[in-house]
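A.B. asks: Supplied in C-alpha cells, the structure appears directly below.
Coordinate-derived values only; no laboratory data. The model shown is predicted, which means the values in this text are computed figures rather than measured ones. Glycine gets a Cβ as well: all are built from the backbone with ideal geometry, and neighbour counts include every protein chain shown.
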Amino acid sequence: MRSDEQILEELTNKEYEHGWSVDFEADEAPFGLNEDIVKFISLKKDEPQWLLDWRLKAFEIWKGMKEPKWPNVKYPEIDYQNIKYYSAPKQKKNLESLNDVDPELIETFEKLGISLLEQKRLTGVAVDAVIDSVSVATTFKDTLGELGIIFCSFSEAVKEHPELIKKYLGSVVPVNDNYYAALNSAVFSDGSFCYIPKGVRCPMELSTYFRINAANTGQFERTLIVAEDSSYVSYLEGCTAPQRDENQLHAAVVEIYAAKDAEVKYSTVQNWYPGDKNGKGGIYNFVTKRGICFGDRSKISWTQVETGSAVTWKYPSCILKGDYSVGEFYSVAVTNNMQQADTGTKMIHIGKNTKSRIVSKGISAGKSHNSYRGQVQVMKRAENARNHSQCDSLLMGNNCGAHTFPYIDIENKTAHVEHEATTSKIGEDQIFYCMQRGIDEESAVALIVNGYAKEVLNQLPMEFAVEAQKLLALTLEGSVG
Amino acid sequence: MLKIKDLKASIEEKEILRGINLEVKPGEVHAIMGPNGSGKSTLASVLAGREEYEVTGGAVDFMGSDLLELSAEERAREGIFLAFQYPIEIPGVTTTNFMKTALNQIREHRGLEKLDAVAFLKKMKEKMKLVEIDQSLLSRSLNEGFSGGEKKRNEIFQMAMLEPKLAILDETDSGLDIDALRIVANGVNALKSSDNATIVVTHYQRLLDYIVPDFVHVLYNGRIVKSGTKDLALELEEKGYDWIKAEANLETA
C-alpha cells in the first residue's frame, strides 16, 4: 500500500500546463538598461515627446533609488543589465481587424483557452490580448465605443486619448513611489487603458490577458482605469508565461481612479510560471497596484487568485479619500514547492465614514513561504472609519511556512477596526474522511481547498470562478503530506 | 461477504490486532464489544483502510476481493462505509456538496451515470426523513458546530445516501442521549436488508437494544476471545469484562 510519502512523490506537481513557448519572429531591444534603451522603447512605440520626457525623468529617479530588501522573500540579485526591456512579436503595423493578426498569435491565445476569433469569443467578455510587450488584439472595441467606453491598449490610448493619459498617469502611483514603480515608469511597454464615462455601466467584463513569451525579457505593463461619476466596470486580468530556467521579471503598475459614486471591480487570476520543484526558474512578480476612491461613495474591490510566479510581491491598495468610500481586498495566494509570496494590501482611510474589508486566504504547500502583509491606516481626520480584516493561513504538509505581518495605524479614536486570523492545517483526518466516502485524494484536497477559498472565489466574475477553482486544484496536486 | 483471517496490525511498532478471525454474511448484524484498548476502533480503521496502521499478517476477503490491496477510497467505492466515532469538520464544504461529490464518484466507479441536481436533491430529501435531519443542517459546513447527536445523525444520513454493502459503526452511540440514540438506531435498522451487513462496535448494551445483533463478539487484547448471541451482550452488561479477561488470560497462560 502506498504511503503518503509515496503518493506525494508520485504526484509531483502537475507539469505547468502553459510552459510551452512559440517561435514567432520578435522585434527586440539588446540587453541592458540605459537612456538609449528608454529612447528605443519610446521610439518603437511612436510616442510623443511629453511621454518620452516622463520616462526619462522616471529613469533618473530609478537610478537614484535602491532595491528594497524588507520583504520576507529570498532571491538572487537581479542583474538589471542582463534583461531585455523590449520584445514585441513582429507583425503588420496596422491591425484593422483580427484577420490582420498573425495566425500564430491567435493560436497562442487559443491554446490558453482565450479565443480572439469572432465566432468563438467568450460572450460578454471583451479581451485585450498582450503578448510580451505588445497588445495584440482587443475585441468588442466598437460595441463598447458606442457607449463612450474606451478599452484599448495603453499605447493606443497614448495616441488617441493623450489628454486622459496626461491627466491620470502617475496620479495614483507616483513615479517615485517605489523602486519598481520607477523602473516601470521608465520602461513600461504596454498594458490596458480603460475609461468609463459618467453614468455608464459597462455591459461586459473587460479583460486583459498577459502572456510573456520571449526569453530573457522583462514585462513591464502599465494599466490605467478611470471610472467617472456613477460609472461601473468589472475588469479581469489573466497571466501565464512559459517554462524557462532563468527567472524573468514582471514589474507592472496598475492605477485605478474612481470618481463620485463610481465602482471598479478588478480581478486577477495569476498563473505565471512558478519555477520547477527545485525553485529553478520562474517569474518574479513585483507589482504595484493602487486605486484611489477619489469621489464620495466610490468603491474599489481587488480580487486576486495568485497561484504562480516564483516570487510574488504585491499589495493592491485602496486610498479612501472620498467620504463614504469603500475599499475591498479578497485574495487567495497559493505557494507550493519553493515559491515565495509576500503579499497583502493597504487600506488608507482619509475621508469620513469610509469602510474597508480584507479577506486574505493564504495556502502554503511544499517548502514554500507565504506571507501576508497588510496595513490599515486611519488618518487623523478620518471620522468613523470601519475596517474588518480576516487573514487565514492553510498549511499543507510539514515543510511550508505561513507568516502574517499586520500593521494597524489608527490616528482617530472613532475608528472601528477588527482583525481576525486563523491558521489551520489540512489534516490527514479530513482527507481520510473524504476517502472513506469514496472520494480520491486529489479530489479531496481540491474539495477542501475550494471550501477554504470559497469566500474569495465567490468574488470573481462567474466566467473566471470556474477557471480559478480548477487552477487551485492543479496547483496543489500532490501536496498533502 | 467479509472473511477476516488471522488479521494482525500494528501502529508505530505497537501490535494492536493479534490475529482476528471473523466472518460476516449478507443480512447479518455483528456486534463487537470489549474493554478500552482492546482494539475495537483499530479493527474498524484497518478495515476502512487507514494508512497509519500497518497490517503485519493475515488476510481479509471482501466479496471475493483482497480488501487489503485496495486503497481507502477504493474500499468505499466497493461498498464499505465507516461511521466515524469522531466525525471530522471540513469548513467551507457543505454536507450537500460533500455527498454529491462522493456519491457521483462511487456511481462512476460502478458504471452508473452521475446524478443530476434534481435527482440528487430528491434522493437527499428521501434520506433526510430517515434520520430526521434538517435541510438547514445540510447546507452548513460539514459537521462544523454540530452537536454530538447531530454529527452522528449526519454519519447515518451519509450512510443512507451511499447505500453501502458493509457498514461499520464505530461507537456510534457514544455521546448520544436517549432520543438521539433512538433516531440513529431507527435509521440504521431502516437501512438493513438481506443484501447488506452491519458491524456495530460498541461498549454498551444500550445500543444493542435497538439494533439487535445476530452475533456478539468480545475483543480483548487484539483477539476475539468469545462469540455468542445477543444474550452475551446482556451477560456482559451484568457482569462486566473481568470474567472474560480471566478466561482469556487462563487460555494464553
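A.B. asks: Could you please find all residues in segment A:417-439 being within 24 Å of B:Val46 (Cα to Cα) and either buried (at least 17 other Cβ atoms within 10 Å of the Cβ) or touching a residue at least 60 places away in the same chain (Cβ under 8 Å) (or both)?
C.D. replies: The answer is A:Ile426, A:Glu428, A:Gln430, A:Ile431, A:Phe432, A:Tyr433, A:Cys434, A:Met435, A:Gln436, A:Arg437, A:Gly438, A:Ile439.
A.B. asks: A further question on this structure: Can you name the residue in segment B:79-104 that is in a helix (DSSP H, G or I) and touching a Ser or Thr at 6+ places or on another chain (Cβ under 7 Å) and is also nearest to B:Pro26 (Cα to Cα) among such residues?
C.D. replies: Residues of segment B:79-104 in a helix (DSSP H, G or I): B:95-104.
Checking the rest, the ones that are also touching a Ser or Thr at 6+ places or on another chain (Cβ under 7 Å) come to B:96, B:101.
Working: B:Thr96: 29, B:Thr101: 27 Å.
Of everything passing the filter in segment B:79-104, B:Thr101 is nearest to B:Pro26 (Cα to Cα).
A.B. asks: Turning to a different aspect of this structure: Could you tell me which residue of segment A:59-75 is surrounded by the most Cβ atoms within 10 Å (Cβ to Cβ), considering only residues that are without any contact (Cβ under 8 Å) to a residue 60 or more places away in the chain and under 23 Å from the mean Cα position of the chain (by Cα)? Write out each step before concluding.
C.D. replies: Narrowing segment A:59-75 to residues without any contact (Cβ under 8 Å) to a residue 60 or more places away in the chain: A:60, A:63-64, A:69-70.
In the following step, the residues that additionally are under 23 Å from the mean Cα position of the chain (by Cα) were identified as A:69-70.
Working: A:Lys69: 6, A:Trp70: 8.
Within segment A:59-75, the match that is surrounded by the most Cβ atoms within 10 Å (Cβ to Cβ) is A:Trp70.
A.B. asks: Being within 14 Å of chain A (Cβ to nearest Cβ), over 19 Å from A:Gln436 (Cα atoms) and of a type in the set (Gly, Ala, Ser): is that true of B:Ser147 here?
C.D. replies: Against the criterion (within 14 Å of chain A (Cβ to nearest Cβ), over 19 Å from A:Gln436 (Cα atoms) and of a type in the set (Gly, Ala, Ser)), B:Ser147 does not qualify.
A.B. asks: Just checking, does segment B:207-215 include any residue being under 23 Å from B:Arg18 (Cα atoms) and either of a type in the set (A, V, I, L, M, F, W, C) or touching a strand residue (DSSP E or B) at 6+ places or on another chain (Cβ under 6 Å) (or both)?
C.D. replies: yes
A.B. asks: Could you figure out which of (1) farther than 20 Å from B:Ser194 by Cβ; (2) within 12 Å of chain A (Cβ to nearest Cβ); (3) among the aliphatic types (A, V, I, L, M) isn't true of B:Leu162?
C.D. replies: All conditions are met except number (1).
A.B. asks: While we're here: Can we say B:Val216 is buried (at least 22 other Cβ atoms within 10 Å of the Cβ), in a helix (DSSP H, G or I) and either on the phi > 0 side of the Ramachandran plot or not charged (D, E, K, R) (or both)? Give the derivation first.
C.D. replies: Working: buried (at least 22 other Cβ atoms within 10 Å of the Cβ): yes; in a helix (DSSP H, G or I): no; either on the phi > 0 side of the Ramachandran plot or not charged (D, E, K, R) (or both): yes.
So B:Val216 fails the test.
A.B. asks: Given the structure, is B:Ser194 in contact (Cβ under 8 Å) with a residue 40 or more places away in the chain and either part of a helix (DSSP H, G or I) or within 27 Å of B:Arg77 (Cα to Cα) (or both)?
C.D. replies: Values: in contact (Cβ under 8 Å) with a residue 40 or more places away in the chain: yes; either part of a helix (DSSP H, G or I) or within 27 Å of B:Arg77 (Cα to Cα) (or both): yes.
Judged against the criteria, B:Ser194 is a match.
A.B. asks: Would you point out which residue out of B:Ala119, B:Ala83 is more than 8 Å from chain A (Cβ to nearest Cβ), out of contact with any Cys (no Cβ under 6 Å at 6 or more places or on another chain) and under 25 Å from B:Leu176 (Cα atoms)?
C.D. replies: It is B:Ala83.
A.B. asks: Out of (1) closer than 22 Å to A:Ala259 by Cα; (2) buried (at least 24 other Cβ atoms within 10 Å of the Cβ), the odd one out for A:Asp323 is which?
C.D. replies: Here A:Asp323 clears every test but (2).
A.B. asks: For segment B:1-69, please list each of the strands (runs of 3 or more DSSP E) lying entirely inside it that holds at least 2 residues being within 14 Å of chain A (Cβ to nearest Cβ) and in contact (Cβ under 8 Å) with a residue 24 or more places away in the chain.
C.D. replies: B:2-11, B:53-62
A.B. asks: While we're here: Need pairs with beta-carbon distance below 6 Å; first residue touching a residue at least 12 places away in the same chain (Cβ under 8 Å) and under 14 Å from A:Ser331 (Cα atoms) and within segment A:297-309, second of a type in the set (Asp, Glu) and assigned to a strand (DSSP E or B); sequence gap 6+ or separate chains.
C.D. replies: Note: pairs meeting the criteria are A:Ser301/A:Glu328.
A.B. asks: Just to verify a result, which residue in segment A:420-456, among those that are out of contact with any Ser or Thr (no Cβ under 7 Å at 6 or more places or on another chain) and part of a loop (DSSP other than H, G, I, E, B), is farthest from the other protein chains (Cβ to nearest Cβ)?
C.D. replies: A:Ile426
A.B. asks: When the residues of segment B:86-116 are narrowed to those that are crowded, with 16+ Cβ neighbours inside 10 Å and more than 10 Å from chain A (Cβ to nearest Cβ), which ends up nearest to A:Ile448 (Cα to Cα)?
C.D. replies: B:Thr95
A.B. asks: Looking at B:Glu144 and the list (1) closer than 30 Å to B:Gly34 by Cα; (2) in a loop (DSSP other than H, G, I, E, B); (3) in contact with a strand residue (DSSP E or B) (Cβ under 7 Å, 6 or more places away or on another chain); (4) not aromatic (Phe, Trp, Tyr), which single condition is not satisfied?
C.D. replies: It fails just one condition, (1).
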